[in-house]
1. Mind putting a number on the dipole of region 79-127 about its Cα centre? Charges go on the C-beta only, +1 for Lys and Arg and -1 for Asp and Glu, and I need it in Debye to the nearest 20.
2. For labels at Ser40 and Thr14 in the simple 7 Å Cα→Cβ model, what's the distance in nm?
3. Over the chain, with a Gaussian network built from C-alpha contacts below 10 Å, which listed residue (Phe36, Phe155, Phe75) shows the highest mean-square fluctuation?
4. For Ser142 and Asn87 in the same chain, what is the full-extension length gain: residue separation times 0.36 nm, less their Cα-Cα distance, in nm?
5. Suppose the chain between Leu135 and Ser72 were pulled fully straight at 0.36 nm per residue; how much longer would it get relative to their current alpha carbon spacing?
6. 5 Å is the cut-off here: which amide hydrogens, built 1.01 Å from N in the peptide plane, fall below it relative to Tyr122, excluding neighbours closer than 5 in sequence?
7. Net charge around Trp101, counting only other residues with Cβ within less than 14 Å of its Cβ (Lys, Arg = +1; Asp, Glu = -1)?
8. Among Glu37, Glu149, Glu159, which one moves the most in a GNM of the chain with springs linking Cα atoms closer than 10 Å?
Amino acid sequence: WTTKFEKTANLINTYMWDKQDKFYYNVAMNDHSFEFEGQSLRRKELIGFLPMWAHVATRQQAEALVKHLTDSTSFWRTFGVPTLAANDPNYTPFVDGCCRWNGPVWLLWDYIVMRGLKNYGYDNLARQVGGKMMLAVRTQLSINHHFWESYSPDFPVQESPSNYIWDSIMAKVLIDMYGK
């Protein structure tokens with residue numbers, strides 16, 4: 001397993017890490033480029049932080065990712081880490097339907113970001129991400145008494161399906177933040 005992990009980590013860091021932007025992007029399968037069917041894949045998405053969760057990023061890469069994460073013009077939003085950076089032209093802060101990955105916050109994915117931060121010793125930032133997640137949930141529970149499939153990163157409005165069981169991840173967030 002160690003050999004397989006090291007091989008995979010090397011491939012991720014070789015092909016998906018953009019040295020110029022200091023961010024992980026999707027790559028085209030056929031040529032490992034940051035372009036697919038004439039379109040750039042250099043879109044800052046939440047998945048760019050997953051190498052921290054997987055222990056793939058180097059310390060230097062994690063440090064660069066934290067700079068992206070804590071930039072309030074891109075990922076550091078009121079109610080959590082959006083699926084797409086707020087300064088992307090396709091970003092929307094509104095949850096305008098099911099399964100939108102153009103800005104809404106998905107608690108399970110934010111939890112993975114939170115765990116990735118903890119993996120690299122960014123415990124205070126991890127708690128802040130957890131706090132943003134709790135704010136999103138607390139706000140909606142006080143307004144309409146529902147858990148939601150996804151949350152707006154910027155506004156306390158909802159138009160996504162309600163009462164999603166995967167929001168039970170909040171129990172793990174609380175344990176990670178306050179448990180012993």
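1. 180 debye
2. It works out to 2.6 nm between the two label points.
3. Comparing Phe36, Phe155, Phe75 in the GNM, the peak value goes to Phe36.
4. Additional length available on full extension: 16.8 nm.
5. Length gained between Leu135 and Ser72: 21.0 nm.
6. Residues meeting the amide H criterion: none.
7. Here the count lands on -2.
8. Judging by the Gaussian network model, the answer is Glu37.
Read the figures in this text as sums done on the coordinates, not as results from a lab. This structure is a prediction, so every number in the text was calculated from the model and none was measured. Backbone-built Cβ (ideal geometry, glycine too); neighbour counts: all protein chains shown.
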